[in-house]
Number of protein chains: 2
Amino acid sequence: MNYSSKLIEEAVNEVSKLPGIGSKTALRLVLHMLKQPNEYTHNLAEALKNVRDNVSFCNSCHNISDSEICEICSSHKRDKTVVCVVEDTRDVMAIENTSQFTGTYHVLGGIISPMDGVGPQDLKIDSLVQKCQAGEIHELVFALPSTMEGDTTNFYISKRLQELNIKLSVIARGIAVGDELEYADEITLGRSIINRVPYENSLKQA
Amino acid sequence: MNYSSKLIEEAVNEVSKLPGIGSKTALRLVLHMLKQPNEYTHNLAEALKNVRDNVSFCNSCHNISDSEICEICSSHKRDKTVVCVVEDTRDVMAIENTSQFTGTYHVLGGIISPMDGVGPQDLKIDSLVQKCQAGEIHELVFALPSTMEGDTTNFYISKRLQELNIKLSVIARGIAVGDELEYADEITLGRSIINRVPYENSLKQA
């Protein structure tokens with residue numbers, strides 16, 4: 001592309017480094033900002049710098065937090081003996097939105113993925129193992145993505161914890177509520193038959 | 001959504017003001033920035049502020065430019081008597097990419113759209129009329145979108161210029177190169193029959 005201005009070109013280059021945003025979308029966004037009042041762009045730039053420079057993480061669960069210990073970890077209503085292991089803060093938000101989980105979380109900050117160069121040492125696994133060794137935790141609930149990388153991470157953590165007496169569980173995989181069986185893939189349908197639950201459980205309201 | 005940090009919430013709110021970006025995408029982008037080095041976000045924020053504060057426009061064609069007169073308007077190779085009227089700078093880039101136009105441009109900065117509150121006084125129409133009245137222009141090529149708003153803008157400008165002896169033309173509408181007739185809409189196909197061109201013209205290479 002042949003931009004008529006160096007400033008535009010630089011801005012488009014920076015914006016198009018964001019995931020899922022190509023140079024055409026970046027140009028559209030930059031031109032949109034030019035049509036808005038100056039404050040619009042300034043507020044955006046400040047908010048981004050601010051979050052990048054000042055973001056902090058909970059010392060206990062590694063979730064993004066404004067304080068040293070996040071609201072969930074510091075709440076007296078949450079069961080600290082049941083810990084849900086998730087990939088990142090979006091998963092915490094998704095599970096919190098269900099209002100079905102009363103335990104606490106442990107945010108790994110990613111999952112083991114050799115293809116992307118992410119190994120166990122890049123994740124918050126050691127601190128999880130330490131928490132488990134300290135005897136604080138009775139149950140770990142794995143809520144990682146149902147992919148090869150997610151399964152590998154589950155397996156790696158379970159191996160590290162095998163000498164401890166901790167209950168390990170995985171969130172249920174199966175047919176989504178509202179889905180028709182004929183459109184479900186074989187593996188999901190197969191697992192949902194193997195892991196069938198007592199009929200009474202299906203009556204519990206979400 | 002229940003964000004675990006005020007900083008994240010502010011950043012997501014600002015990013016999701018951009019067109020076509022909802023709060024989920026905004027959160028994904030913000031979390032991506034948190035995983036990158038600080039410079040990544042700083043460079044992005046600086047580039048955006050920089051373009052917003054320092055962008056300038058060509059005094060002649062109103063295209064975005066780093067100098068008072070843009071490269072196209074100041075080039076001796078361009079025909080200043082043929083002026084292509086476009087909506088914004090993206091259209092200039094699109095036409096420049098074809099390498100088929102040797103004239104200059106006039107960027108209106110939008111099109112007449114009463115629904116969006118955009119009237120003729122919000123656009124760079126007066127300066128175009130002045131250029132025409134000065135006798136500098138022999139032909140205007142309308143290259144505005146083929147919509148009601150684009151047609152209205154064409155009509156408005158043509159009315160303002162009706163007492164001047166200036167040739168007005170519109171870029172050809174028709175079947176796109178590579179398209180099959182059966183999938184073309186009736187209006188486009190109908191127009192392409194009415195505005196058919198001599199066979200020899202179709203052999204000219206783009």
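Laid out as a table, the results:
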| quantity | calculated |
| --- | --- |
| Meets criteria (modelled with pLDDT under 90 and surrounded by 11 or more Cβ atoms within 10 Å (Cβ to Cβ)) for A:Gly150 | no |
| Filter result (touching a residue at least 40 places away in the same chain (Cβ under 8 Å) and under 13 Å from B:Tyr156 (Cα atoms)) within the range B:104-146 | B:Leu108, B:Ile111, B:Ile112, B:Lys124, B:Leu128, B:Phe142, B:Leu144 |
| Of the criteria (1) modelled with pLDDT of 90 or more; (2) more than 30 Å from A:Ile166 (Cα to Cα); (3) acidic (Asp, Glu), which one A:Asp66 fails | (1) |
| Those residues of the range B:57-97 which are hydroxyl-bearing (Ser, Thr, Tyr) and more than 21 Å from A:Ala26 (Cα to Cα), in sequence order | B:Ser60, B:Ser67, B:Ser74, B:Ser75, B:Thr81 |
| Residue within the range A:162-185 that is in the same structural domain as A:Ser113 (by TED's automatic domain parsing) and touching a Pro at 6+ places or on another chain (Cβ under 9 Å) present | no |
| Hits in the range A:161-193 (condition: touching a residue at least 24 places away in the same chain (Cβ under 8 Å), surrounded by fewer than 16 Cβ atoms within 10 Å (Cβ to Cβ) and more than 18 Å from A:Phe101 (Cβ to Cβ)) | A:Leu164 |
| Qualifying residue in the range B:127-137 (condition: outside the structural domain of B:Thr89 (by TED's automatic domain parsing), in a helix (DSSP H, G or I) and either within 21 Å of B:His62 (Cα to Cα) or among the hydrophobic types (A, V, I, L, M, F, W, C) (or both)) | no |
| Options A:His32, A:His62, A:His76; residue that is within 30 Å of A:Ser4 (Cβ to Cβ) and not acidic (Asp, Glu) | A:His32 |
| Candidate set from the range B:164-184 (those that are closer than 19 Å to B:Cys84 by Cβ and of a type in the set (Gly, Ala, Ser)); member that is farthest from the chain's Cα centre (by Cα) | B:Gly174 |
| Which listed residue, of B:Leu44, B:Leu48, B:Leu31, B:Leu18, is under 16 Å from A:Val92 (Cβ atoms) and among the aliphatic types (A, V, I, L, M) | B:Leu31 |
| Residue that is surrounded by the most Cβ atoms within 10 Å (Cβ to Cβ), among those in the range A:28-58 that are aliphatic (A, V, I, L, M) and either touching a Leu at 6+ places or on another chain (Cβ under 6 Å) or more than 8 Å from every other protein chain (Cβ to nearest Cβ) (or both) | A:Val51 |
| A:Asn2 being part of a loop (DSSP other than H, G, I, E, B), facing chain B (nearest Cβ under 7 Å), touching a helix residue (DSSP H, G or I) at 6+ places or on another chain (Cβ under 9 Å) and not aliphatic (A, V, I, L, M) | yes |
| Residue in the range B:161-177 that is in a helix (DSSP H, G or I) and out of contact with any Lys or Arg (no Cβ under 7 Å at 6 or more places or on another chain) present | no |
| Filter result for the condition that a residue is more than 9 Å from every other protein chain (Cβ to nearest Cβ), under 17 Å from the mean Cα position of the chain (by Cα) and surrounded by 19 or more Cβ atoms within 10 Å (Cβ to Cβ), over B:Cys70, B:Cys61 | B:Cys61 |
| Residue list for the range A:79-91, filter: within 23 Å of B:Ile8 (Cα to Cα) and either touching a Ser or Thr at 6+ places or on another chain (Cβ under 7 Å) or surrounded by fewer than 21 Cβ atoms within 10 Å (Cβ to Cβ) (or both) | A:Glu87, A:Asp88, A:Thr89, A:Arg90, A:Asp91 |
| Hits in the range A:93-109 (condition: at positive phi and either at pLDDT 95 or above or facing chain B (nearest Cβ under 10 Å) (or both)) | A:Gly109 |
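The values are calculated or read from the model by the stated rules, or taken from the named source; none is laboratory data. Given the structure is predicted, the values throughout are model-derived calculations rather than measurements. Reconstructed Cβ throughout: ideal geometry from the backbone, glycine too, with neighbour counts over all protein chains shown.
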